[in-house]
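The values are calculated or read from the model by the stated rules, or taken from the named source; none is laboratory data. What you see is a predicted model; the values in this text were computed from it and never measured. Using ideal geometry, Cβ is built from the backbone for each residue, glycine included, and neighbour counts are taken over all protein chains shown.
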Amino acid sequence: MTPEDQEETQPLLRPPGGSGRRVFLAAFAAALGPLSFGFALGYSSPAIPSLRRAAPPAPRLSDDAASWFGAIVTLGAAAGGVLGGWLVDRAGRKLSLLICTVPFVAGFAVITAAQEVWMLLGGRLLTGLACGVASLVAPVYISEIAYPEVRGLLGSCVQLMVVTGILLAYLAGWILEWRWLAVLGCVPPSFMLLLMCCMPETPRFLLTQHRRQEALAAVRFLWGSEQGWEEPPVGAEHQLSGINAVMFYAETIFEEAKFKNSSLASVIVGVIQVLFTAGAALVMDRAGRRLLLALSGVVMVFSTSAFGTYFKLTQGSPSNSSHVDLLAPVSVEPANPGVGLAWLAVGSMCLFIAGFAVGWGPIPWLLMSEIFPLHVKGVATGVCVLTNWLMAFLVTKEFSSLMEVLRPYGAFWLASAFCVGGVLFTVFCVPETKGKTLEQITAHFEGR
């Protein structure tokens, strides 16, 4: 590549000379992918109880099948991470987002038409594949169309849309059976398909393809002007924190605190996620990534430690027996019943979810889209997403086995130890990217 070509691939993103309003519209269109992704993750929570009660000819889930119904989406997402890493560099960011709408709609359509359990699992696998692609490509697309002053805000909206999708699934699950809930799942990706067709490819990707005039046209569309756009010369940890395990335990913990309506418990969890993720998005470009990550990690250390303490104090209860089924609601009756212990569990859970939503939920996806240079972005982000989803599968599928070995309190204290490791890694290894261009971030890692 000649120096002139290298210059062409590195646009400096600065506040636009025009209004720049369309960049928010383009970011919203891309973020409909994470919304669909969140809905797919949240779908299993209301759908599993409904499918367990299903009468023939509808498929009915056994306990083992229900476990796979919840977990198989993460395997599909791991494969989607690999596929997304390949697509994003070859098909482009926009086309990759358009392509991922196909398995989203197809997967929910298969679930809607399911007459056998294997069709349910196949549909979940397809939606998982789409989740993996969307979770990789959407942050990349948004980071490459945004200028530094709003990149944190727009990038955090990825996780905000994920938790909004989860909450939407919980709310809709109150009134819709599993088939109609699957039909609703087809709506967000269909809307994304229509809206993304009207959005441009990212200027960065267009420049790598030597399509300079199209890149300039994309800048004009997104920013309203070419003013401020220059080409300068060249010079998974959060899954191991136990987030999925806590989400699986939400119903049990709320029952212990006398919240008998498990659907209401799920909605409360979803609302907490949305509110704190939205708050993180609003302060991201002021507070910075490292501060929020460290704060988030410290909160999660204390909350998971409190979780472990709760289970240690109630170790005589049935929930601390040698076998714990995270998918089946169980009654937690401590050896010494007390409202205080119940609210310790509820408070710990809410604090954990709030802490995760402030930092470790949205920021890893944002940093992933910021720190990798253009020539390795597809492969590197693909490896990150693959690792994330494999860890999610292990936590979702095997946490009950871990609790048999370590007891519940030991498992949550182990999660607390991982959170401590995450805080230390943030303090000593994570650079601050607030207010920096993608070129400046790349230069930092290259030692320039």
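Structure notes:
- Screening Leu98 on (1) surrounded by 24 or more Cβ atoms within 10 Å (Cβ to Cβ); (2) closer than 17 Å to Leu25 by Cα; (3) not polar (S, T, N, Q) shows it passes everything except condition (1).
- Comparison of Leu264, Leu222, Leu216, Leu293 shows that the only residue that is surrounded by 16 or more Cβ atoms within 10 Å (Cβ to Cβ), at pLDDT below 85 and in contact with a Phe, Trp or Tyr (Cβ under 9 Å, 6 or more places away or on another chain) is Leu216.
- The residues on offer are Ala172, Ala106, and the sole one that is of a type in the set (A, V, I, L, M, F, W, C), at pLDDT 95 or above, surrounded by fewer than 24 Cβ atoms within 10 Å (Cβ to Cβ) and over 17 Å from Ala31 (Cα atoms) is Ala106.
- Looking only at residues in the stretch 373-394 that are more than 15 Å from the chain's Cα centre (by Cα) and at pLDDT below 80, the one that is farthest from Leu136 (Cα to Cα) is Leu394.
- From Leu176, Leu184, Leu154, residue being part of a loop (DSSP other than H, G, I, E, B) and not aromatic (Phe, Trp, Tyr): Leu176
- Residue that is over 18 Å from Cys131 (Cα atoms), of a type outside the set (Lys, Arg) and either modelled with pLDDT of 80 or more or surrounded by fewer than 19 Cβ atoms within 10 Å (Cβ to Cβ) (or both), where the choices are Val339, Val324: Val339
- The stretch 58-73, residues that are assigned to a helix (DSSP H, G or I) and not hydroxyl-bearing (Ser, Thr, Tyr): Asp63, Asp64, Ala65, Ala66, Trp68, Phe69, Gly70, Ala71, Ile72, Val73
- Residue list for the stretch 121-166, filter: over 17 Å from Arg93 (Cβ atoms), out of contact with any Pro (no Cβ under 6 Å at 6 or more places or on another chain) and aliphatic (A, V, I, L, M): Leu121, Leu125, Val150, Leu153, Leu160, Val163, Ile166
- Of all residues in the stretch 429-443 being assigned to a loop (DSSP other than H, G, I, E, B) and more than 22 Å from the chain's Cα centre (by Cα), the one that is surrounded by the most Cβ atoms within 10 Å (Cβ to Cβ): Thr437
- Among the residues of the stretch 45-65, those identified as small (Gly, Ala, Ser) and surrounded by fewer than 21 Cβ atoms within 10 Å (Cβ to Cβ) are Ser50, Ala54, Ala55, Ala58, Ser62, Ala65.
- Yes/no for Leu194 being modelled with pLDDT of 85 or more and touching a helix residue (DSSP H, G or I) at 6+ places or on another chain (Cβ under 8 Å): no
- Given (1) loosely packed, with under 15 Cβ neighbours inside 10 Å; (2) within 30 Å of Leu129 (Cβ to Cβ); (3) not hydroxyl-bearing (Ser, Thr, Tyr), index of the condition Glu446 fails: (2)
- Of the criteria (1) at pLDDT 90 or above; (2) out of contact with any helix residue (DSSP H, G or I) (no Cβ under 9 Å at 6 or more places or on another chain), which one Ala138 fails: (2)
- Of all residues in the stretch 392-415, those that are buried (at least 19 other Cβ atoms within 10 Å of the Cβ) and among the β-branched types (Val, Ile, Thr) have Cβ atoms under 7 Å from Cβ atoms of residues that are part of a helix (DSSP H, G or I) and at pLDDT 75 or above, 6 or more apart or on another chain, in Thr396/Gly70; Thr396/Ala71; Thr396/Thr74.
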